[in-house]
Amino acid sequence: MQDDNPDRPGRGQMTAIAISVALAMIVFFAVAAFAVLHPDSTFYLRDPQHRRVAIDRGTGQTVFAVILGSFALAATVVACRMVRTLRALPVAEAEDTLPAGETLRWIGRPGWRTFRGPRAVVLPIALGLLILLGMWLQSSATGATGFGEGLRRMFFPLMVTLCYAVPVLVMGLPLVRTWLRDMFGHGSVTRSRVVWISPLRRAVYREVAGDRIVDAWRNADSGERGSITLVTGEPGDVRHVYLDHLPDPDGAFAAVEHLARYS
């Protein structure tokens, strides 16, 4: 079962992304400090003809200390802005449980058939990327003689992981969570609404009020399962909600028709 309202990023997701980016900045400054302080480091600058010119160690450390200090100041300003933005984001509301007295007219579970559409494309790709990143990090760390050397060798894969892979995966977590709920949970039609119930907490994580359903029809299906399309909203703001791969689709459609007619 899917609707046309994707989960919006909340404070928890944005906080996880901010922590990942902060870790990337820590790795960057750690690698830079290791390069500056290492006794065998050689420092270069560019002359007016853009040629590399070696400079002595003391001058090099001074120049790069100023550069790193400037980056640290800019990172601090960005971090303060991110903290203010995160504090302004709304906290996710708690899910409502289905009231004990709410009568169920129909209940069913689509099961594994919900693994379709974008989910069938995005989830295998995300899993493959995780495996490839893990292999990249492992191969980069192999052969390192110490912590500093290992950090330097892993710098690029770590930056890719923390700045790109982790934010993408965090933003994709609602897709995984919704799919697992749809697969193991139930869709139900009550006396007043259509609800989606999570498998463990028996909480309502999505709903369509009966008085918002303006039309519904049974899609042409074959076999023991079928699909229903709901039209909700007001004129000029019409949305479609799809109830796919339902067991006993005739019973589900009869319950939806009764709900739409008497709500």
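The values are calculated or read from the model by the stated rules, or taken from the named source; none is laboratory data. Fair warning: this is a prediction, and the values are worked out from it, not measured in the lab. Ideal geometry is used to build each Cβ from the backbone, glycine not excepted, and the neighbour counts take in all protein chains shown. What goes into the accessible areas is simple: the full protein's heavy atoms, side chains included, and nothing from ligands, DNA or RNA. Shrake-Rupley method; radii C 1.70, N 1.55, O 1.52, S 1.80 Å.
Of the residues ALA18, ALA24, which single one is touching a Leu at 6+ places or on another chain (Cβ under 6 Å) and either of a type in the set (Gly, Ala, Ser) or over 17 Å from CYS163 (Cβ atoms) (or both)?
It is ALA24.
Okay, residues lined up against (1) open to solvent by 70 Å² or more (accessible area, probe 1.4 Å); (2) in contact with a strand residue (DSSP E or B) (Cβ under 6 Å, 6 or more places away or on another chain); (3) over 19 Å from ARG152 (Cα atoms):
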{"position": "ALA32", "(1), (2), (3)": "no, no, no"}
{"position": "ALA35", "(1), (2), (3)": "no, no, no"}
{"position": "HIS38", "(1), (2), (3)": "no, no, no"}
{"position": "SER41", "(1), (2), (3)": "no, no, no"}
{"position": "TYR44", "(1), (2), (3)": "yes, yes, no"}
{"position": "HIS50", "(1), (2), (3)": "yes, no, yes"}
{"position": "ARG57", "(1), (2), (3)": "yes, no, yes"}
{"position": "GLN61", "(1), (2), (3)": "no, no, no"}
Scanning the range 236-256 residue by residue, those hydrophobic (A, V, I, L, M, F, W, C), in contact (Cβ under 8 Å) with a residue 40 or more places away in the chain and over 13 Å from ARG105 (Cβ atoms) turn out to be VAL241, LEU243, LEU246
| message | When you scan the range 205-220, do you find a residue that is modelled with pLDDT under 85 and closer than 25 Å to PRO99 by Cα, even just one? | response | yes
